[in-house]
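Input: a single structure, listed below in structure tokens.
The values are calculated or read from the model by the stated rules, or taken from the named source; none is laboratory data. Everything quoted here is computed from the prediction, not taken from an experiment. Cβ coordinates were reconstructed from backbone atoms using ideal geometry, including for glycine residues, and neighbour counts include every protein chain displayed. Calculation scope for accessible area: heavy atoms of the full protein, side chains included, ligands and nucleic acids excluded. Shrake-Rupley method; radii C 1.70, N 1.55, O 1.52, S 1.80 Å.
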Amino acid sequence: GTNAIGRTSLQLRALFPVLSRMGKLTGGSVRLYYDKNAHLIQGNAYYAALEKNYEMLRANPAGVRFIYPGRLPDPTELRGVRLLAVGTLDRLPAPAAAALDAWVKSGGILWWSAPVELRDYYGQPVQAELARAAAMPGVKSFGKGKVIVAEHCPELDTYFTGPLPFTSGKLNPEIECRALYTAAGKLEYLALVNRGETPRQITMIDNGHPL
């Protein structure tokens, strides 16, 4: 008994550097937007959409990372980001709206889960061109980028980085996936957690090739 506990403790200690690195994953080219003020104004509906977005993004081997409105005016905040999921966000302060408007026009992809009427925290309509695109369902070109307004983001897996879990040819969002690489870019660790209630048969695909 005591020896088994000791061995388990040593094994867990050996995993600490790995778990620590996984906690520092950057999200790759995907981010999830969270605004506590919008949450307070919109209530549980906003949080429910945010949670659903998170569940769709958790298969990303690069992890799930958040972006917050107060940091958006910093031009480096969205550097390297291809896809930003915002759920059913309908409250957007003017500086954040201007930053997102410019980012999409320069090539970013902004994904709403449903059409929204964009307003600021005080209930005034957002004047950015982005507001018109957010109000209608579908995929709209917007400068060099796109605005997607749909429950499911088309080709979501193409924005993820690393090996992905597929079931019956489709990305399985119930499998949470995290990957670590060596400095030379070789896959070193792959962690998989089934968040569903039943066993799942999956195939891990990396760049079109099964692992």
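Some points to look at:
- Square roots of five times the Cα gyration tensor eigenvalues for the chain, Å: 35, 19, 17
- Förster-model FRET efficiency, 45 Å R0, ARG119 and THR182, C-beta, rounded to 0.05: 0.40
- Theoretical FRET efficiency, 1/(1+(r/R0)^6), r = Cβ-Cβ of GLU77 and ARG7, R0 35 Å, to 0.05: 0.20
- Comparing the stretch 113-204 with the 2.2 N^0.38 Å rule of thumb, its C-alpha radius of gyration ratio is 1.51 (two decimals).
- For the stretch 165-171, backbone phi angles converted through the Karplus equation (6.51, -1.76, 1.60; θ = phi - 60°) give residue-by-residue couplings of x, 10, 10, 6, x, 10, 4 Hz, Gly and Pro being listed as x.
- The stretch 36-155: equivalent-ellipsoid semi-axes (sqrt of 5 x gyration tensor eigenvalues, Cα, Å): 19, 17, 15
- Per residue solvent-accessible surface (Å²) - the stretch 79-168, probe of 1.4 Å: 46 Å²
- Per DSSP, loop trypsin sites (Lys or Arg not before Pro) in the stretch 50-87 with at most 14 further Cβ within 10 Å: ARG79
- Sorting LEU78, LEU187 by accessible area puts them as LEU187, LEU78; the probe is 1.4 Å, largest comes first, and only protein heavy atoms count.
- Paramagnetic reach from ARG132 in the stretch 90-106 [backbone N under 19 Å; point 7 Å along Cα→Cβ]: 97-106
- Separation of the THR26 and THR167 label points, Cα + 7 Å toward Cβ, nm: 3.2 nm
- Across the stretch 58-70, computed HN-Hα scalar couplings (Karplus, 6.51 cos²θ - 1.76 cosθ + 1.60, θ = phi - 60°) run 6, 6, 5, x, 8, x, 10, 10, 9, 10, 10, x, x Hz from first to last residue, x flagging Gly and Pro.
- Surface share of carbon and sulfur [accessible, 1.4 angstrom probe, percent] for the chain: 55 percent
- HN-Hα J in Hz across the stretch 197-211 - Karplus 6.51, -1.76, 1.60, θ = phi - 60°, x for Gly and Pro: 9, 10, x, 10, 9, 10, 10, 8, 10, 10, 6, x, 10, x, 7
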